Each structure stands twice: as structure tokens, then as C-alpha cells.
Amino acid sequence: MTSTKAPSVWENRVNRIVYWVLARWLWFLSGLLFIYAVVPWLSPLARAAGLDWLGQLLFIIYVPLCHQHADRSFFVYGYQVAFCHRDVAIYTTLFAGGLWFRLVRDWLKPLSWRVGVVLILPMVLDGGSHLLEDLLQIGLRNNNHSVGSLNFWLRMVTGMLFAVAMICLVYPRVDRDLRMAQMPPRSPMVAG
């Protein structure tokens, strides 16, 4: 026989906070994505404003999060943005897509996994070919990295397709599951 004790005051407060946050998951996620997408742009702005230590610190924060190849990154005032073109496309699209999803969440059905894979596959192929080039130095993808080049557009478009896939695959499922988790428990049926 198991006994259940009533939650403590502390547990009740934590539970209320967790439910409050989960009910607003999209706002929190959008806020985090906004911060994540904006901070890399502050690195070159800080350096251009003479705050080199701050610009370098912001750049270093993103080192484990992005390869930061200069030839695959934007520059502002002559200083490199702390993440690459593809990350700009992914996280800007995820942020904007989260705002869009907020408007359509009640009627948008989750994208099928097959269509999602089709949207993700171009980035896997593009990123994979960049990885092979970086490792093997075979000349497959070099000398074509400037803004407006084919490689630039491939990185931007495949990053955006990946983000759209995540928004249409994951967001509706998370939203549905969190809404269901917040529904009050149903009372047992009374035999009658």
C-alpha cells in the first residue's frame, strides 16, 4: 500500500510556477530565441564602440555553439558577427516563426514527419558538404563564400527551411501536449 502525502507549500508554489511558465512556453521560447539571435550582433557593435573586451567576450560565448568561420559570417563595422550565416537564418526564422505560430496555433496541424525530413535534408546535405570540405580540403566548397554567392544563399535558405521544419513539426506537438497536460483531470465515470 502506498501513501500519498499532500504537497508542501513549497511544492505547491513550484508547481504553480512551472504550470504558469508552461502555459506561456511560446513566449519564453521566443524570448530566449530573440536573445540568442541578437547577442552575436552585439559583439561587433561593442568592438566598434571601443568595448573590445565586451565584444570579444560575446564572441567567445558563441565559440562552442558555432564554427564561426569568418568566410561564412556577416561583418558589421569590419568586425565579425559571433555566429555564421546559417545560424542567423535558423535563429531569426525560429524567432519570427514563433511569432507567426502564436497567430495560427489553434488551427495549424503538425507537419508530417516525412515532409519535415524533406525540409531538413537540404541543410544536412549543405552542412555535410561544408563539413567534408573543412575536414578534407578538397576544394568542393571554397572560394565562393561572399554574401550573395551560391554558398551564401545555400546556407541561408537551408537554415530557413530547417527552422520552418522545426516550427511546423515540433511547435504544434509541444503546444498540443502542454495544453493537454494542463487540462484538469477528468473525474472517474460513475456506473449508472
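The values are calculated or read from the model by the stated rules, or taken from the named source; none is laboratory data. Everything quoted here is computed from the prediction, not taken from an experiment. Here the Cβ positions follow ideal geometry from the backbone for every residue, glycine too, while neighbour counts run over all protein chains shown.
The residues of the range 41-66 that are within 18 Å of the chain's Cα centre (by Cα) and either over 23 Å from Ala89 (Cα atoms) or of a type in the set (Ser, Thr, Tyr) (or both) amount to a single one, Tyr62.
Counting the residues of the range 48-59 that are surrounded by 12 or more Cβ atoms within 10 Å (Cβ to Cβ) and either outside any helix (DSSP H, G or I) or of a type in the set (A, V, I, L, M) (or both) gives 6. Looking at the range 74-133, which of the residues that are in a loop (DSSP other than H, G, I, E, B) and free of Cβ contacts under 8 Å to residues at least 60 places away in the same chain is nearest to Val164 (Cα to Cα)? The selected residue is Ser112. Taking the range 116-134 as the range and being of a type outside the set (S, T, N, Q) and more than 19 Å from the chain's Cα centre (by Cα) as the test, the residues that pass are Leu125, Gly128, His130, Leu131, Leu132, Glu133, Asp134. Scanning the range 48-66 for residues that are out of contact with any helix residue (DSSP H, G or I) (no Cβ under 7 Å at 6 or more places or on another chain) and touching a residue at least 24 places away in the same chain (Cβ under 8 Å) gives a single hit, Ala48.
Small (Gly, Ala, Ser) and either within 30 Å of Val174 (Cα to Cα) or surrounded by fewer than 17 Cβ atoms within 10 Å (Cβ to Cβ) (or both): does that describe Ser112? It is true that Ser112 is small (Gly, Ala, Ser) and either within 30 Å of Val174 (Cα to Cα) or surrounded by fewer than 17 Cβ atoms within 10 Å (Cβ to Cβ) (or both).
Figure legend. Inter-residue proximity from the range 19-35: first residues within 15 Å of Trp100 (Cα to Cα), second residues surrounded by 13 or more Cβ atoms within 10 Å (Cβ to Cβ) and aromatic (Phe, Trp, Tyr), beta-carbon distance below 8 Å, spacing 6+ or different chains. Indicated pairs: Leu26/Phe101; Leu26/Tyr171; Ser30/Phe95; Leu33/Tyr91; Leu33/Phe95; Phe34/Phe95. Restricting attention to the range 100-112, the residues that are at pLDDT below 95, touching a Leu at 6+ places or on another chain (Cβ under 9 Å) and among the hydrophobic types (A, V, I, L, M, F, W, C) total 1.
Scanning the range 41-95 for residues that are out of contact with any Phe, Trp or Tyr (no Cβ under 9 Å at 6 or more places or on another chain) and of a type in the set (Val, Ile, Thr), we see that the one that is farthest from Ile120 (Cα to Cα) is Ile60.
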